[in-house]
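The structure appears right after this line, and notes come after that.
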């Protein structure tokens, strides 16, 4: 079983719609959760971090964490073509700062 | 403030050769991690260093080694290169738990 699983997509949404990206993780002891965006040929850039159950909003982005279900999601409201990228979910375990990444979900926002 | 810097940006090597990749963290960050990302996959953890000490090691062969210097910069060394080592090598520096990535070094092994 993989540490972190994501649907690879591709996920296509029209401009202005809400994009929903999902991630599950296997280790119940996982402590911290991150979403990164990666444009083709570039390195990952941090979008959001979330540490406790519930929702966390930052601009058009909302991260949701449910530790009981071992589930993290990212909602992107009012999606723009510039949001087209691969979105990586990352999780850290109780001990240490090693990041476990999913394979990423490719998002395309259609103008 | 400058972000994480890595050098070189691109590198072409042949099988069996050795390579050294370099990373300078964000000022004030004492932890550096290295990741390998092959096409279509998420980054895979190789090493983490904090205050010059190895804090973690991923599931990579002993051909991979790293070190961190007193100024917190770091080197990743790979010996006896294989075709399968072709990848984007990412360095991330961190403060507390958030990691910030450099632009990466794209290594091609022929």
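The values are calculated or read from the model by the stated rules, or taken from the named source; none is laboratory data. Note that the structure is a prediction, hence the values are computed from the model and not measured. All Cβ positions, glycine included, derive from the backbone under ideal geometry; neighbour counts span all protein chains shown.
A few points about this structure:
- Strands (runs of 3 or more DSSP E) fully within the range B:21-110 counting 3 or more residues that are at pLDDT below 95 and either more than 10 Å from chain A (Cβ to nearest Cβ) or surrounded by fewer than 20 Cβ atoms within 10 Å (Cβ to Cβ) (or both): B:53-57
- Of all residues making up the range A:85-100, the number that are facing chain B (nearest Cβ under 7 Å) and modelled with pLDDT of 95 or more: 1
- Among strands (runs of 3 or more DSSP E) entirely within the range A:1-92, having at least 1 residues that are touching a residue at least 12 places away in the same chain (Cβ under 8 Å) singles out A:4-6, A:11-14, A:19-25, A:32-38, A:45-50, A:61-66, A:71-76, A:85-92.
- Criterion: facing chain B (nearest Cβ under 10 Å) and on the phi < 0 side of the Ramachandran plot - qualifying residue of A:20, A:82, A:43: A:43
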